[in-house]
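Report on one structure; see the data block that follows.
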Amino acid sequence: SAGPPGDAVQDVTLGVDEELRLEVEGKNQIVQVVMKDGTAEIFGTEMIKDTLYQFGTGAKIAVFTYHGCVLQIKGKADSVYVAKETPMIMYLNTHGALETLRRSADADGKRGPIVLVVGAQDVGKTTLCRIIINYAVRLGRRPIYVDLDVGQGSISVPGTIGAMLIERPASIEDNGFVQQAPLAYFLGHKSPQNNIPLYNTLISKLAEVVHERMESNRKAKSSGVIINTCGWVKADGYKSITHIAQAFEVDVVLVLDQERLYNDLSRDLPSFVKVVFLPKSGGVGDRSVSHRQEARDSRIREYFYGKPGLQPFHPHSFQVKLSEYKIFKIGAPAIPLSCLPLGMKGDETRTKLVAVVNPTAATLLHRLLAISFATDETQQDVIQTNVAGFVCVTDFDQDKGKMTVLSPQPGPLPKTLLLLSEIQFMDAQ
Ligand code: ATP
Ligand code: MN
């Protein structure tokens, strides 16, 4: 578990429109931040004066102030510096423009802005979503947050896309928005490129459900939607962005950092879509492949164990009998077009439901399994139905036909239809 913050204490005074950036690099380190005076926010969530905020290993944060503040930092923080140049005023103005659209949506009983945030990897897409959602919520709005980044899976676990209604600002310490049962759809891969037809199908379905939810909730309707994406912007990634824009009926696209992408989208999207270029923050650093993998692992670990030392969860481990469950995989391997039966398109095999019969340890061990809400076993129903949650297979006894699973909830599993993902998690607790 995490150690004490140690004795190092530093006071930092920030002027108007400045931000303090810091990282927590050391293993088992906790850094505490207290705002002693003034006003400040972390990615759009206001800090409360004289309140302790704790950050664990891997945290990379910025404390921004519009009016100036005094901060006290305890513990071993790394790369600590004050930045005078930030894009925050531009992000605030963007929020102001969205708010104008929401007000006229209120007046006309129409849908508020549906906003798509795009950009290459590591430009601050997720952070920008968080900031503008927080600003909206602070004004009493109830926007829907849609996360299409399967690699990070901030709404559920990596390998899923999902949506949730945001009713309160993101928790500063939890590193984002939290909800007990978000709407989640299962892709089962770390990257959309591993199954593009399925990714696009799920996006269309999620868009349909989000539109329905907006119609049934007046406040959500005029508050609009903020859609986060992954940094996949070239070739098929670009096509997928245009598919998202179409499926969600996006009104505004915020393009972070890349002028090329901004130009292409301005040219290719219908003229009623407003495409806006925004600079990235100098505080957003590049993450290596291994850092990304670590972030994915820690997201899954958090799903089961919470935050050790800060907010631990206590998952359950139990055996389940394979004969009582049906396990499916979505998508047969891609087959060359020339080998397909006449009239069948390659895409169709990629969204096919394939039963996993006589699974071996190699197929199941350490994999995440999604528990589907689907009630019948037709392909249509299963791929278009959201999932209840995930378990991880920690042991497999082929002779007894039993597997042991790690689960956030006590057994037995609430549903019997399970979906096998490509995503592995080594339970090292
Ligand atoms: P990805 O392509 O992986 O989805 P992204 O474009 O969504 O990345 P973010 O996740 O928003 O980028 O930001 C990357 C990291 O930079 C995060 O750890 C975030 O907390 C941090 N970060 C964002 N803005 C700042 C800032 N102003 N100062 C310091 N760190 C920041
Ligand atoms: Mn992101």
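FYI, it's all coordinate maths here, none of it is from the lab. Values in this document were obtained by computation on a predicted structure and should not be read as measured data. Counting neighbours? That spans all protein chains shown, and the Cβs are built from the backbone with ideal geometry, glycine included.
Using the alpha-carbon atoms, what tilt in degrees (0 to 90, nearest 10) does helix 259-268 show relative to the longest principal axis of the chain?
60 degrees
How high is the FRET efficiency from E259 to D347, r the C-beta distance, R0 30 Å, rounded to 0.05?
0.40
What does the convex hull of the Cα atoms come to per residue for the stretch 99-151, in Å³?
86 Å³
Given H placed on each backbone N at 1.01 Å, which residues far from K352 in sequence or on other chains put an amide H within less than 5 Å of it?
When sequence neighbours closer than 5 places are left aside, the close amide H contacts are G331, A332.
Tell me, how many Å apart are the Cα centres for the stretch 7-54 and for the stretch 217-288?
The two parts, judged by their Cα centres, are 31 Å apart.
So for Y135, Y66, fewest C-beta neighbours within 10 Å to most, what's the order?
Fewest to most other Cβ atoms nearby, the residues stand as Y66, Y135.
Starting from the Cα gyration tensor of the stretch 206-266, take the square roots of the eigenvalues, sort them a ≥ b ≥ c, and report rounded, prolate or oblate (rounded when a/c is under 1.5, otherwise prolate if a/b is larger than b/c, else oblate).
prolate
Could you list the residues of the stretch 244-258 with an amide nitrogen less than 19 Å from a label point located 7 Å from the Cα of E215 in the Cα-to-C-beta direction?
Label zone hits: 246-251.
What is the spin-label model distance, in nm, from T375 to A97 if the labels are put 7 Å beyond Cα along the C-beta direction?
Between T375 and A97, the label points sit 4.5 nm apart.
Taking Rh as the Kirkwood radius, which is the inverse of the mean 1/r over Cα pairs, what is the Rg/Rh value for the chain?
0.98
What fraction of the DSSP beta bridges in the stretch 145-282 is antiparallel, stated in percent and rounded to the nearest 5?
Antiparallel bridges make up about 50 percent of those DSSP assigns within the stretch 145-282.
May I ask what percent, to the nearest 5, of DSSP beta bridges between residues of the chain are antiparallel?
Approximately 75 percent, going by the DSSP bridge assignments.
As a test of the formula, what do you get for the chain when each DSSP H run with n ≥ 4 contributes -39,500 (n - 2.57) and the sum is divided by the residue count, at 222 nm and rounded to the nearest 500 deg cm²/dmol?
Calculated mean residue ellipticity at 222 nm is -8000 deg cm²/dmol.
Please express the shape of the stretch 199-303 as an equivalent ellipsoid: the semi-axes are the square roots of 5 times the eigenvalues of the C-alpha gyration tensor, given largest first in whole angstrom.
Equivalent-ellipsoid dimensions as semi-axes: 25, 21, 14 Å.
Determine, for each peptide in 98-105, 47-54, 69-76, the mean count of other beta carbons within 10 angstrom over its residues, then list the peptides with the highest first.
69-76, 98-105, 47-54
Relative to the compact-globule scaling 2.2 N^0.38 Å, provide the ratio for the alpha-carbon radius of gyration of the stretch 1-135.
1.21
Report the Cα centroid-to-centroid distance between the stretch 385-429 and the stretch 144-172 in angstrom, as an integer.
Measuring centre to centre over Cα atoms gives 22 Å.
Taking θ as phi - 60°, what are the ³J(HN,Hα) couplings along the stretch 125-133 by the Karplus curve (6.51, -1.76, 1.60), each to the nearest whole Hz, with x for Gly and Pro?
5, 4, 5, 4, 4, 4, 5, 6, 5
Can you give the extra length, in nm with one decimal, that the chain gains between V9 and H316 once fully stretched, where that is 0.36 nm per residue apart less the Cα-Cα distance?
That works out to 106.6 nm of additional length.
To the nearest µm²/s, what D does Stokes-Einstein give for the stretch 59-164 at 37 °C and 0.692 mPa s, using the Kirkwood radius over alpha carbon pairs as Rh?
So the translational diffusion coefficient is about 201 µm²/s.
At 7 Å along the Cα-to-beta-carbon direction for both R292 and Q398, put a label point, then send me their distance in nm to one decimal.
It works out to 3.4 nm between the two label points.
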